[in-house]
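The values are calculated or read from the model by the stated rules, or taken from the named source; none is laboratory data. Note that the coordinates shown come from a computational prediction; the quantities given were computed from them, not determined experimentally. Positions of Cβ are generated from backbone atoms using ideal geometry, with glycine treated the same way; all protein chains shown enter the neighbour counts.
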Amino acid sequence: MIELTDIAYVRSGAADLEGAVRFATDVVGLQHVDGGEPGVAHLRADGRHHCLAFVEGVSGVIASAFTVADPGALALAETELETRGFRVWRGSADDARSRRVGEVIGFDDPFGNRIELVCGQQTLASPVVPGRGSGITEFGHLCLDAPDVADAHRFWSTTFNARASDWIGDAACLMRIDEVHHKLAVFRGDEPGLCHVNFQVAELDDVFRNWHHLQERGVEIEMGPGRHPQSGAVFLYFLGPEGLTYEYSYGVRRITDEAAWRPRYFDPAEPGSIDMWLGPTQKPLTQPQAPHPQLVPEGIRP
Ligand SMILES: O=C(O)c1cccc(O)c1O
Ligand SMILES: [Fe+2]
């Protein structure tokens with residue numbers, strides 16, 4: 001079993017790099033870390049050098065990345081994935097440099113989502129300088145799509161150390177890799193893709209201040225403000241450029257007594273199973289951000 005220690009970053013193609021960066025800084029409130037690399041923009045939310053990278057070119061998610069402990073763990077992960085029948089890509093020194101990690105490997109999960117595993121993700125010593133005062137404190141979680149949520153859970157919990165924290169029937173599985181209720185979620189969808197990226201904010205007030213700010217800017221609100229009964233977090237989903245859905249949330253549950261926690265099974269048909277405040281869905285969570293076309297070669301799956 002491969003032990004994931006944290007989420008690392010999402011890497012996405014951006015047809016309009018400047019527009020994607022402007023939205024991520026001026027609207028979402030991330031920091032643009034200028035790495036002097038033409039065609040690549042790094043966005044920072046917390047200690048990590050970046051948790052979102054835009055690469056100029058065709059739109060679409062390039063990879064969702066997780067950290068493992070060290071180069072030894074990464075080498076073991078590479079072997080284990082190959083043993084399990086996955087074709088593993090090992091990134092070059094340039095690939096690692098662009099990602100601000102020591103080493104990187106990649107593979108396609110059984111549902112067609114490109115996953116990267118890294119070690120040595122760079123931490124920046126300087127304080128975060130937010131692009132806007134949206135109150136972001138941390139890259140919270142990432143959410144992938146897969147056609148069968150139970151299959152996805154089986155994959156993530158047997159290949160990796162992910163554990164189900166809660167289920168929304170066959171619609172979603174929320175999984176933890178540390179104390180945070182979930183850092184990885186899988187939603188049911190016909191196609192692979194990135195459902196959303198989540199950023200935690202410092203205060204409840206931030207969610208509502210951001211809601212007003214987004215509305216004034218004409219940003220498309222997809223759902224919320226509402227409260228998830230699973231993590232207990234107050235949330236707001238909105239649509240950014242390049243098809244990327246962002247989520248702000250405040251107050252995510254931490255599971256401190258690992259042995260005592262039992263996953264719960266919510267009924268997706270129950271009103272309130274996603275938003276216990278029963279708020280209107282302004283727009284159903286749109287299609288996930290589709291995988292980058294050049295990076296989903298046929299036949300790479302085991
Ligand atoms: O935070 C949650 O519990 C949650 C529930 C459903 C869907 C999500 O995206 C979530 O983050
Ligand atoms: Fe979420």
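Any residue that is more than 16 Å from ligand 1 (Cβ to nearest atom) and either at pLDDT below 95 or surrounded by fewer than 16 Cβ atoms within 10 Å (Cβ to Cβ) (or both) - is there at least one of those in the range 162-172? So far as the range 162-172 goes, no, none of its residues is more than 16 Å from ligand 1 (Cβ to nearest atom) and either at pLDDT below 95 or surrounded by fewer than 16 Cβ atoms within 10 Å (Cβ to Cβ) (or both). Any residue that is in a loop (DSSP other than H, G, I, E, B), within 14 Å of ligand 2 (Cβ to nearest atom) and outside the structural domain of residue 49 (by TED's automatic domain parsing) - is there at least one of those in the range 162-176? Yes: the range 162-176 contains one or more residues that are in a loop (DSSP other than H, G, I, E, B), within 14 Å of ligand 2 (Cβ to nearest atom) and outside the structural domain of residue 49 (by TED's automatic domain parsing).
May I ask you to list the residues in the range 32-45 that are surrounded by fewer than 22 Cβ atoms within 10 Å (Cβ to Cβ) and in contact with a Leu (Cβ under 9 Å, 6 or more places away or on another chain)? So that I can check it myself, show each step before the final result.
Within the range 32-45, the subset surrounded by fewer than 22 Cβ atoms within 10 Å (Cβ to Cβ) is 32-40.
Correct list: 32, 33, 39, 40.
Annotation: residue 231 fulfils all but one of (1) crowded, with 18+ Cβ neighbours inside 10 Å; (2) in contact with a helix residue (DSSP H, G or I) (Cβ under 8 Å, 6 or more places away or on another chain); (3) of a type in the set (Gly, Ala, Ser); the unmet one is (2). Exactly one residue out of 299, 251, 279 is modelled with pLDDT under 95, under 21 Å from residue 201 (Cα atoms) and more than 16 Å from the chain's Cα centre (by Cα), and it is 279. Residues that are within 16 Å of ligand 2 (Cβ to nearest atom) and within 30 Å of residue 22 (Cβ to Cβ) within the range 239-273 comprise 239, 240, 244, 245, 246, 247, 248, 249, 250, 251, 252, listed in sequence order. Between 112, 91, 102, the distinction of being farther than 30 Å from residue 189 by Cβ and not assigned by TED's automatic domain parsing to the domain that holds residue 253 belongs to 102 only. Among the residues of the range 216-238, are any within 16 Å of ligand 1 (Cβ to nearest atom), closer than 30 Å to residue 18 by Cβ and in contact with a His (Cβ under 8 Å, 6 or more places away or on another chain)? For the range 216-238, residues within 16 Å of ligand 1 (Cβ to nearest atom), closer than 30 Å to residue 18 by Cβ and in contact with a His (Cβ under 8 Å, 6 or more places away or on another chain): present. The C-beta contact set for the range 68-79 (first residue surrounded by 15 or more Cβ atoms within 10 Å (Cβ to Cβ), second residue in a helix (DSSP H, G or I), distance under 6 angstrom, 6+ apart or interchain) comprises 68/74; 68/77.
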